[in-house]
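Take a look at the structure set out below.
The values are calculated or read from the model by the stated rules, or taken from the named source; none is laboratory data. On a predicted model such as this, the values are computed, not experimentally measured, just so you know. Every residue, glycine among them, receives a Cβ derived from its backbone with ideal geometry; neighbour counts consider all protein chains shown. Heavy atoms of the whole protein, side chains included, go into the accessibility calculation; ligands, DNA and RNA do not. Shrake-Rupley method; radii C 1.70, N 1.55, O 1.52, S 1.80 Å.
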Amino acid sequence: MTAQLILHEGREKSLKRRHPWIFSKAVKEVRNAPQNGGDIEILTSDGVFLAKGSYSPNSQIRARVWSFDREENVDQAFFARRISEAAAARELMLKETGMSACRLVDAESDGLPGLIIDRYNNFLVLEVLSAGAEYHLREITGALRELFPEDSIYERSDVEVRTKEGLELRKGVIYGDLPPEELAITENGGMKILVNIQEGHKTGYYLDQRDNRAALAKYCKGKSVLNCFSYTGGFSLYALKGRAVSVANVDVSQKALDIAKKNIVLNHLDPGRVKFIREDVFSFLRKEKKLGHTYDVVVLDPPKFAESKSQLEKACRGYKDINMIAASIINPGGYLMTYSCSGHMTPDLFQKVVADALLDAGRDGQIVEFLTQASDHPVALPYPEALYLKGLVVRIK
């Protein structure tokens, strides 16, 4: 018998606006419940069909929509169509930039809830984040092999969010070859970046910051640059390309800093202009302030401070603290390039936090540029939650 999820009266409004999530509080009844991730029809309280989705009894997001068409089957052909459409939408960008890496599928924004696919050269890297994507992994893998027969497929489903879906953490080869420890990709007109698919952050690299890395170059000519949370030094490459006189990379990971050094050499940039500092960023910034050291440009690209809405207030304090210290060590006329990748942090709130940070630092500032995630990380109009990366370039007076 067909599995059905019945909504409480009046709770269908978001679905009619094509939002892909159904929260547990909206659910009145589940009939013939499928196994975790199984397909289910979503109906109004009086039995009108709304969508087909995947059922997740362990999650507050009780169901995620695959299709609003009752006649559309969720099978390998379905996934092949959706992935092909997503790939086609990125073709122009790839041709114009000559990049060898991009986000091929961006979950809900590409109509595939809980499924991330990043492509690094000829390696497809999957993050399977929802019970529905897990349930259909065989069909997803089959569709990828059909569309990209020469590519290997590697899984990086080793993120804690899977536990909310009742899923175990997992990573490894699904098909083809094991990725090398360091794979060189190209972005933005030929900049080379070494990526560690097996152990690196996210699926190996921060593809979402690609455009923002390039945007940094124009602020760096003749300037001293401090790159905080530098990871493998992506922002620093563009600072050097923009003719910065000095760049300091600060990160807690020695392995990331070692790759950053290799990236400098790989791009034939001057290693004599670069320092590599293994230290906690908060501690380093406080020490620099105490010593009276200053910089012309500071980049703050911290990890996610808020994993849930309940953590947002604490996250705001963290963002304020770090932006306040950074602003206090920037020379007059210099720039603060600051980011938040916390999805629960709205653009308006982030701007307010940064403004309050400068106020406490006794500095005035002007926003000269608003930044966000790269275009291969699109935001579906009915799904504003996809806009997670907020960036500001602030001129410090």
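In terms of its C-alpha gyration tensor, the range 27-119 has a prolate overall shape, because the principal axis ratio a/c (a ≥ b ≥ c, square roots of the eigenvalues) is not below 1.5 and a/b outweighs b/c. Take 116-124, 269-277 and order them by the average number of nearby Cβ atoms within 10 Å per residue, most first; the result is 116-124, 269-277. For the chain, relative contact order (Cα pairs under 8 Å, six or more residues apart, normalised by length) works out to 11 percent. Amide H contacts of Glu369 (H built 1.01 Å from N, in plane; Pro and chain starts excluded): Val393 sit under 5 Å, all sequence-distant by 5 or more or on other chains.
Rolling a 1.4 Å probe over the protein chains gives Arg156 an accessible area of about 20 Å². Around the amide H of Val274, modelled in the peptide plane, lie the amide H atoms of Val247, all under 5 Å away and 5 or more residues distant in sequence or on another chain.
Gain on full extension, evaluated as 0.36 nm per residue between His19 and Lys164 minus their Cα-Cα distance, stands at 50.2 nm. Estimated at the nearest 10 Å², the accessible area of His344 is 70 Å² with a 1.4 Å probe.
Accessible surface of the range 275-389, 1.4 Å probe: 54 percent of it comes from carbon and sulfur atoms.
Per residue, the accessible area of the range 192-272 comes to 35 Å², computed with a 1.4 Å probe over protein heavy atoms only. Taking the average, over residues, of other Cβ atoms within 10 Å as the packing measure, peptides 149-155, 249-255 rank 249-255, 149-155 from highest down.
With each label modelled as a point 7 angstrom along the Cα→C-beta vector, the Val265-Ser283 pair spans 2.8 nm. Magnitude of the charge dipole for the chain, about its Cα centre and with charges confined to Cβ atoms of Lys, Arg (+1) and Asp, Glu (-1), is about 1480 debye. Short-range pairs are left out: with C-alpha atoms under 8 Å and at least six residues apart, the relative contact order of the range 273-334 is 47 percent. For the listed peptides 125-135, 319-329, a ranking on the average number of other beta carbons within 10 Å per residue, highest first, reads 125-135, 319-329. Taken per residue, the accessible surface of the range 1-50 reaches 58 Å², heavy atoms only and a 1.4 Å probe.
Taking a point 7 Å from the Cα of Gln60 along the Cα-to-Cβ direction, the residues of the range 338-364 with backbone N closer than 15 Å to it are 343-345. 3J(HN,Hα) along the range 20-26: x, 10, 10, 7, 4, 5, 7 Hz, from the Karplus curve 6.51 cos²θ - 1.76 cosθ + 1.60 with θ = phi - 60°, whole Hz, x for Gly and Pro. Which translational diffusion coefficient, to the nearest whole µm²/s, is obtained for the range 195-311 from the Stokes-Einstein equation, given a Kirkwood hydrodynamic radius over C-alpha pairs, 20 °C and 1.002 mPa s? Calculated translational D: 146 µm²/s.
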